[in-house]
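Chemist: Structure below; questions to follow.
Throughout, read-outs are computed from the coordinates displayed, never taken from laboratory work. Given the structure is predicted, the values throughout are model-derived calculations rather than measurements. Please note: Cβ atoms are built from the backbone with ideal geometry, for glycine as well, and neighbour counts cover all protein chains shown.
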Amino acid sequence: MNRKKSFVLAFGSAAILSLAFAAPAEAGRIGNRQERQQQRIAGGVSSGSLTARETARLERRETGLNRSIHRMRSDGELTRNERARIEKRQDRISRGIYHQKHDGQSR
């Protein structure tokens, strides 16, 4: 279990660090949400409501989103359209976290 927690915390830290170089206004909203979602995943791991497979799947989705954000930012600040797409993906990930935590499976 300790290994799982460090796995989740490592990905969460990487996500937050990737936002350190973003514009302050963008990093605030997107970064805060990513941080809250990482905390929700970590809470699911520590409570046992997320299995190792569910955790890995959610982390892969978060990692994919982080890569997309990084690519979008490579040409400058995010456009309104790009921010909307990011928020839509964050919405889907958030729903996934909720469903996985409440699906009755436990470790």
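Chemist: Using a basic spin-label model with each label point 7 Å from the Cα along Cα→Cβ, how many nm lie between R60 and E87?
Modeler: So the label points at R60 and E87 sit 2.9 nm apart.
Chemist: Under a point spin-label approximation (7 Å from Cα along Cα-to-Cβ), what is the Y98-R36 distance to one decimal in nm?
Modeler: Output for this residue pair reads 1.2 nm.
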